[in-house]
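K.L.:
Take a look at the following structure, please.
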Amino acid sequence: MDKLLVRGGQRLDGEIHASGAKNAALPALIASLLADSPLQVGNIPHLRDITTTLELLQHLGASVQVDEKLAIQVDASQLRVLRAPYKLVRTMRASILVLGPLLARFGEAEVSLPGGCAIGSRPVNLHIKGLEMMGAEVDIAGGYIRARVPGGRLQGARILFDTSTVTGTENLMMAATLAEGVTVLENTAREPEVVDLARCLVSMGAKIEGAGSDIIRIQGVRKLHGAVHHVIPDRIEAATYLVAAAVTRGRIRVRGVKALFLDAVIGKLREAGASVDVAADGVELRMPDAPIQAVDIRTAPFPAFPTDMQAQFVLLNSIAHGTATITETVFDNRFMHVQELQRMGAQIEIRGNTVFVHGVDHLSGAQVMATDLRASACLVLAGLVAEGETAIDRIYHIDRGYESIEEKLTQCGAHIRRIPAPPAAISVAG
Ligand code: EPU
């Protein structure tokens, strides 16, 4: 497995272009399953999760083409298979998003249960319950969700989510586009990625109102067609680089990102002492030489502070002046990075779903292990500020969600390099 070696101590200074948002690109590509002609999706980041999604779409029988501008065209007009196997779902939970579209268009689908996850239990009960309310019969056996619609077509329904769920909202919104009648989804996720998917579906002929609010109304149509869609920039990637500038007392301008999506994060960065300028084409952060101030955080669904930035702010608080609490309310086990930061000298206590972070003068480079995507980003940031060298193992997690992270940070002055895994030993049978 590849490793990243980070030598700390450089103030970052430079400009980074935000990539397309992973969590908007995945559902947009999967939306192609609803259409009877090709969907073209642009601004797709080059990431491991995108490759997995394309493998899954091809497994189902879709044909995939990448053009010279790296836009991806998916033609799902002729699908052969209506089953998402464990080997693909296991590596990427977002694969559950094929359930709604397949069921809506073909009246049947089989998707492996995603299984355990490093950041908590992450059930999909709300996806299933919603589809059942739309008339699907769902049976869970042998690790698979097997669903069919007796009359062939899902029926519009009024569905109230117990909890705000991003992929749950996306799955049911996609299913409802081809259902008979009107579906009203309540207590829906308001994340920009949900709005982006709605925009994509509308350009494919869907009738959707209210995306971005907590009630979405979908009038089902008989067919959807292909379209051209350009995904929004990645707000979490952008915010991670702004934190990199803050913790290294540097300056970074992230181009392409919409500041509107980052209100909660920018507010906390300013509270920590950063000067943040917002312009139409991006956001620039400068950190003055004064100590970083510790900031209290409580994660919650959009527009509140995103759980996907929690690990990065645990790191920021680790080297800040004072003590702060960070409470994780979205996932039940998302503090795996804490143990690794402690190995670098951070003083953090975990009590239930809250961490108490007592800022220290410095962190020391160490050998650490990435446990999930955002935890890996936190460890890279820790390496940038630590004294000496940090070696981050299991870096494949970061390749799931950060496009060219070494190149982007290196162009701002970071000392970071990838050490490829040694080739596997060849065993010679005697
Ligand atoms: N939940 C249920 N039942 C369900 C669905 C969700 O109890 O059927 C619970 C979850 O266990 C969790 C909460 O609801 O406690 C919210 O989870 P949500 O469904 O919103 O998460 P998700 O859709 O699985 C997406 C992102 C995550 C991001 C979360 C929260 C994608 C592909 N993934 O996950 O992104 O953390 O929303 O914003 O969009 C990442 O990019 O690193 C990442 C993990």
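The values are calculated or read from the model by the stated rules, or taken from the named source; none is laboratory data. Just so you know, these numbers come straight off a predicted model, no measurement behind them. Neighbour counts are summed over all protein chains in view; Cβ atoms, including those assigned to glycine, are modelled from backbone coordinates with ideal geometry.
K.L.:
Could you tell me which of the residues S112, S77 is under 23 Å from L201 (Cα atoms) and in contact (Cβ under 8 Å) with a residue 24 or more places away in the chain?
P.N.:
Only one candidate qualifies: S77.
K.L.:
Still on this model: Which one of I398, I392, I419 is away from the ligand (no atom under 15 Å from the Cβ) and in contact with a helix residue (DSSP H, G or I) (Cβ under 6 Å, 6 or more places away or on another chain)?
P.N.:
Residue meeting the stated conditions: I392.
K.L.:
Taking the residues in region 35-87 that are in contact with a Lys or Arg (Cβ under 8 Å, 6 or more places away or on another chain) and in a helix (DSSP H, G or I) as candidates, determine which candidate is surrounded by the fewest Cβ atoms within 10 Å (Cβ to Cβ).
P.N.:
Result: R48.
K.L.:
Return the residue satisfying two criteria in turn: it lies in region 356-384 and is of a type in the set (V, I, T) and touching a helix residue (DSSP H, G or I) at 6+ places or on another chain (Cβ under 6 Å), and of such residues it is modelled with the lowest pLDDT.
P.N.:
T371
K.L.:
When the residues of region 410-423 are narrowed to those that are assigned to a loop (DSSP other than H, G, I, E, B) and without any contact (Cβ under 8 Å) to a residue 12 or more places away in the chain, which ends up nearest to V6 (Cα to Cα)?
P.N.:
P422
K.L.:
Go through (1) touching a helix residue (DSSP H, G or I) at 6+ places or on another chain (Cβ under 8 Å); (2) modelled with pLDDT of 95 or more; (3) away from the ligand (no atom under 16 Å from the Cβ) for M1 and report which single condition fails.
P.N.:
With respect to (1) touching a helix residue (DSSP H, G or I) at 6+ places or on another chain (Cβ under 8 Å); (2) modelled with pLDDT of 95 or more; (3) away from the ligand (no atom under 16 Å from the Cβ), M1 is out only on (2).
K.L.:
Provide a single number: the residues in region 92-127 that are closer than 21 Å to S32 by Cα and either within 17 Å of the chain's Cα centre (by Cα) or of a type outside the set (G, A, S) (or both).
P.N.:
Matching residues across region 92-127 total 17.
K.L.:
Give me the strands (runs of 3 or more DSSP E) completely within region 322-409, filtered to those with at least 1 residues that are of a type in the set (K, R) and over 28 Å from E15 (Cβ atoms), ordered by residue number.
P.N.:
Once the strands (runs of 3 or more DSSP E) in region 322-409 are filtered for at least 1 residues that are of a type in the set (K, R) and over 28 Å from E15 (Cβ atoms), what remains is 347-351.
K.L.:
Mind telling me which of the residues N187, N171 ends up being modelled with pLDDT of 95 or more and more than 22 Å from E137 (Cβ to Cβ)?
P.N.:
Just a single option satisfies the conditions, and that option is N187.
K.L.:
How many residues does region 283-315 contain that are of a type outside the set (A, V, I, L, M, F, W, C), assigned to a strand (DSSP E or B) and either more than 11 Å from A246 (Cα to Cα) or out of contact with any Lys or Arg (no Cβ under 9 Å at 6 or more places or on another chain) (or both)?
P.N.:
3
K.L.:
So, I96, is that one β-branched (V, I, T), at pLDDT below 95, within 11 Å of the ligand (Cβ to nearest atom) and under 30 Å from F335 (Cα atoms) or not?
P.N.:
In short, no.
K.L.:
Do we have T188 as buried (at least 24 other Cβ atoms within 10 Å of the Cβ) and in contact (Cβ under 8 Å) with a residue 40 or more places away in the chain here?
P.N.:
It is false that T188 is buried (at least 24 other Cβ atoms within 10 Å of the Cβ) and in contact (Cβ under 8 Å) with a residue 40 or more places away in the chain.
K.L.:
Sticking with this one: Can you name the residue in region 279-328 that is of a type in the set (G, A, S), over 17 Å from H362 (Cα atoms) and more than 16 Å from the ligand (Cβ to nearest atom) and, of all such residues, is nearest to the chain's Cα centre (by Cα)?
P.N.:
Here the answer is G282.
Results for (1) more than 16 Å from the ligand (Cβ to nearest atom); (2) basic (K, R); (3) under 22 Å from the mean Cα position of the chain (by Cα), shown as yes or no for each residue.
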site: M174; (1), (2), (3): no, no, yes
site: E180; (1), (2), (3): yes, no, no
site: E186; (1), (2), (3): no, no, no
site: E191; (1), (2), (3): no, no, yes
site: I215; (1), (2), (3): yes, no, no
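K.L.:
Which of the residues that make up region 357-378 are buried (at least 17 other Cβ atoms within 10 Å of the Cβ), aliphatic (A, V, I, L, M) and touching a Ser or Thr at 6+ places or on another chain (Cβ under 7 Å)?
P.N.:
V357, L363, A366, V368, A370, A377
K.L.:
Something else about it: So how many residues does region 116-147 have that are in a loop (DSSP other than H, G, I, E, B) and either near the ligand (Cβ under 8 Å from one of its atoms) or surrounded by fewer than 17 Cβ atoms within 10 Å (Cβ to Cβ) (or both)?
P.N.:
Count: 11.
K.L.:
Which condition number does N23 fail, the rest of (1) within 23 Å of P233 (Cβ to Cβ); (2) in a loop (DSSP other than H, G, I, E, B) being met?
P.N.:
(2)
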